[in-house]
Amino acid sequence: MKPTSALDGEIIQQRSSYRQGLVLGLTMAEIMLLLVFCLLIVMATFLTTEQSKRVAAEEKLLQQQEQNQRDRDMVAALRRNSAVLEKLQAFSGLTDPKEIDKYWRELVDSQTAMADLQKIGVSVKEVRERLTDLEKLRSNGLDIDKALRDVDVVNAINRAMAKPGQPPPSTVDILSAIEKGMTGAGPSGHQWPPIIGLSEALGYTFKSGSAELSPAFHNTLISKTPNDILKYIKKYNVDVIEVVGHTDEQPIGMRPSNLDRDLLAVLKSTANVATLVPADNAGLGLARAVSVVSVLRQSSLLAGYKLIPLSGAQLVNTDETLAILGIPANVPERRRIEIRLRKSVPQETTASIAAEPILPKPRPLAKQPQQPRPPSLAPKAGPRQIVTPAN
């Protein structure tokens, strides 16, 4: 046997020679096998891609062959039917079979389109008329899409400017409204009609505590105020006239009111406004508004417009803030009439007064002998004292 040291040296030499034939821990044979495997994967992917392309090309070729076969069959049918061929050549002026085939296809598509139009109720005559109209628009340099948008705009303007119970606005009215919007003075945004203020501080007075107009105020309501209102009505295209009566905070003394009974009579001009007796500032403001409306209703300039009396009582200051301080002072500026203008809101009107029910007539009662009435022990009521209001 060899010595141990010599044997160890031989083993170490063999291991060193073995390690000299390794790359990354693999032998050359293993590396070659790995490379072959990678090449096979790449080749398989390439073959799969090429096969997909080939299938798509075959399908496209098949479709093209089917289309060519249909074209050949159609051309052959046309050739067999000389009458159809002659008519197509006469109408189209074509001699090339391909061009004739294209012309035939267009005829078939047109027939299908006309059949679809007739299903929805459009006749051939209407189609021809619309085509003529389209040609006129194009010859005048008008864009069809723009014309359709313009129609929508005009319809929207008509809806915005339409008044209940009146015909649609004319072209002149529409142009005037557009010009007014483009050249109107003032800040941008909504332009509201101004409030016409008629206060006692400016000489528009009532009798104290009453809705009776002073002669000067009455004359102004007849001669000047209707013209001012009509000017704003035409400028801002409104049709509702609200007359609001305001008072100051001086209280009215205790007294019975007859507004519920006599307001309508004053509006109908069958009763004198001086007969109205309000019991508080709310009633006084409403009575004075009714007094002004009863005069404005007599003006022919405001006929056809809506006049509405309202009451602001003592609740609104001249700067349109709530009067919540509770100062019962004599303020002529707060005792005023405000005329506000606005556009009415279209809505369905309903009857405000229900029909009176028909009741059966009561049967006449048998006459009873009159009994003597006992003398009353209560003292007779004296005349009621009415406190003169301060407003």
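The values are calculated or read from the model by the stated rules, or taken from the named source; none is laboratory data. Keep in mind it's a predicted model, so treat the numbers as computed, not measured. Using ideal geometry, Cβ is built from the backbone for each residue, glycine included, and neighbour counts are taken over all protein chains shown.
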Which residue, of N68, N81, is surrounded by 10 or more Cβ atoms within 10 Å (Cβ to Cβ), among the polar types (S, T, N, Q), modelled with pLDDT of 70 or more and under 30 Å from K102 (Cα atoms)?
-> N68
Of (1) in contact with a helix residue (DSSP H, G or I) (Cβ under 9 Å, 6 or more places away or on another chain); (2) surrounded by fewer than 17 Cβ atoms within 10 Å (Cβ to Cβ), V292 satisfies all except one. Which?
-> (2)
Considering residues that are modelled with pLDDT under 90, under 22 Å from G312 (Cβ atoms) and outside any helix (DSSP H, G or I), the number found within segment 251-276 is 6
Which one of these does G121 not meet: (1) on the phi < 0 side of the Ramachandran plot; (2) at pLDDT 75 or above?
-> (1)
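Conditions tested, residue by residue: (1) touching a Cys at 6+ places or on another chain (Cβ under 7 Å); (2) in a helix (DSSP H, G or I); (3) at pLDDT below 75.
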| site | (1), (2), (3) |
| --- | --- |
| L85 | no, yes, yes |
| T95 | no, no, yes |
| E129 | no, yes, no |
| D133 | no, yes, no |
| D145 | no, yes, yes |
State all residues of segment 198-217 that are more than 22 Å from D248 (Cβ to Cβ) and surrounded by 14 or more Cβ atoms within 10 Å (Cβ to Cβ); if no residue qualifies, say none.
-> none
Number of the exception - K224 against (1) surrounded by 13 or more Cβ atoms within 10 Å (Cβ to Cβ); (2) at pLDDT 90 or above = (1)
(1) closer than 30 Å to S344 by Cα; (2) surrounded by 12 or more Cβ atoms within 10 Å (Cβ to Cβ); (3) at pLDDT 75 or above all hold for D173 apart from (3)
In the list K268, K306, which residue meets the criterion of being without any contact (Cβ under 8 Å) to a residue 40 or more places away in the chain and over 11 Å from A211 (Cβ atoms)?
-> K268
For segment 237-247, enumerate the residues that are more than 13 Å from R288 (Cα to Cα) and part of a loop (DSSP other than H, G, I, E, B).
-> N237, V238, D239
Inspect all residues belonging to segment 274-287 and state whether any of them is assigned by TED's automatic domain parsing to the domain that holds E212, surrounded by fewer than 16 Cβ atoms within 10 Å (Cβ to Cβ), free of Cβ contacts under 8 Å to residues at least 12 places away in the same chain and on the phi < 0 side of the Ramachandran plot.
-> no
Tell me, which residue of segment 15-37 that is of a type in the set (G, A, S) and in a helix (DSSP H, G or I) is modelled with the highest pLDDT?
-> A29
Given the structure, is D239 assigned by TED's automatic domain parsing to the domain that holds K207, over 34 Å from the mean Cα position of the chain (by Cα) and among the acidic types (D, E)?
-> no
